[in-house]
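Below: the structure, in structure tokens.
Where a number appears in this text, it was derived from the coordinates with a stated rule and is not lab data. Everything numeric in this text was worked out from a predicted model, so none of it was measured. Don't worry about glycine lacking a Cβ; one is built from the backbone with ideal geometry, like all the others, and counts go over all protein chains shown.
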Amino acid sequence: MALHTLYSGHRLADCLGTLTEQDVLLVLDQAVQLLLDSTISWSALPCSVLALSEDVCISGVQIHPSVAQLVDYDQWVALTETQSQQVAWY
């Protein structure tokens, strides 16, 4: 059970390749733009996909709920309490 935080697309393939059903992927910072990439099948990933609402708002993009669920900073903190590991992808 790991919380994967994806900050950019530099390690996207590596990140996606490690996800399991027990994991959670939180997309934030510059990586929220990747959620608009139709070549990536976000809904086919084995885990929940979340996006930091503040970063989505700042970037000016609109994320469809079928792609990612929006969460705020308090929810992000709560995730760190429930996931046994945290893996940051820059």
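Miscellaneous remarks
- For the stretch 35-46, the criterion of being crowded, with 18+ Cβ neighbours inside 10 Å and either among the small types (G, A, S) or under 16 Å from A88 (Cβ atoms) (or both) is met by no residue.
- The stretch 15-36, residues that are polar (S, T, N, Q) and under 24 Å from S84 (Cα atoms): T18, T20, Q22
- Of the residues making up the stretch 47-56, just one is surrounded by 18 or more Cβ atoms within 10 Å (Cβ to Cβ) and free of Cβ contacts under 8 Å to residues at least 24 places away in the same chain, namely S53.
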